[in-house]
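The values are calculated or read from the model by the stated rules, or taken from the named source; none is laboratory data. Remember, predicted model here, so these are calculated numbers, not experimental data. A quick note on method: Cβ atoms are made from the backbone with ideal geometry, for glycine too, and the neighbour counts reach across all protein chains shown. Side chains are part of the model used for accessible areas, which takes the heavy atoms of the whole protein and leaves out ligands, DNA and RNA. Shrake-Rupley method; radii C 1.70, N 1.55, O 1.52, S 1.80 Å.
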Amino acid sequence: MPAHPLFHSTDARIVITAYFDGGSRGNPGPAGYGAFIVDDAGTVLAELAGGIGVATNNVAEYRGLLAALQWAVDNDVRALHVRGDSLLLVQQMKGVYRVKNEGLLPLYREARHLCARIGTVTFEHVPRERNKDADRLSNVGMDSNEPCTHPPRGWYCVAFARLAPLAPAPSGDMDPTVLTSSGRQNGSSRPIRT
């Protein structure tokens, strides 16, 4: 089924904003991510969360970003504003900081690749207080840490996602595995109920 016409609009006033977060209890420890996606009117388009086993905070943050970017690609979003409270990740995605950690490099490259597929992606660092929904979802991810194999009808795995009615869930499970590919810079398990 095609994506909702909102995502194909050429109206520059329509803004899709993705908030992302990730965390681990122990660093490294049981880790999870969350992404909260809204339109310019504040309508919630998607809530994404997933447990990723034992990982560091920075890996979990990248996984939250990747979930948001993949959602945008899957829904044919052509312009996305991304907000997160990880200054390191935001500055790396803007090209201000280099990615020095070899473990983060494949995640960074995949994020750049997804940004290129979307088209226009801007990044903004926000204080933790303005990222509460993504933080809530990342805690759900940390709490779950179970693979999603058979989500309830109307849900799909990112590990878990609940979509707004305007963006129908794809059939079958989605593979949450991060793919590695070279990116290019382009300018700048329990279900969650809403």
Could you say which residue among Gly141, Gly183 is at pLDDT 50 or above, under 17 Å from the mean Cα position of the chain (by Cα) and either loosely packed, with under 13 Cβ neighbours inside 10 Å or closer than 17 Å to Tyr62 by Cβ (or both)? Gly141
Considering the stretch 100-120, residues that are open to solvent by less than 40 Å² (accessible area, probe 1.4 Å) and not in a helix (DSSP H, G or I), and then whichever is modelled with the highest pLDDT, we arrive at Leu104
Condition met for Thr17 (within 25 Å of Asn145 (Cβ to Cβ), out of contact with any helix residue (DSSP H, G or I) (no Cβ under 8 Å at 6 or more places or on another chain) and either hydrophobic (A, V, I, L, M, F, W, C) or modelled with pLDDT of 95 or more (or both)): no
The correct count of residues that are among the charged types (D, E, K, R), under 16 Å from the mean Cα position of the chain (by Cα) and under 16 Å from Phe20 (Cα atoms) in the stretch 79-109 is 2
Go through (1) within 24 Å of Glu129 (Cβ to Cβ); (2) modelled with pLDDT of 95 or more one by one and return the number of the condition Asn27 breaks. (2)
Condition first: surrounded by 24 or more Cβ atoms within 10 Å (Cβ to Cβ) and small (Gly, Ala, Ser). Now tell me which residues in the stretch 56-85 satisfy that. Ala60, Gly64, Ala67, Ala68, Ala72, Gly84
So Phe123 ticks every box in (1) over 23 Å from Met142 (Cα atoms); (2) in a helix (DSSP H, G or I); (3) among the aromatic types (Phe, Trp, Tyr) but one. Which box is left unticked? (2)
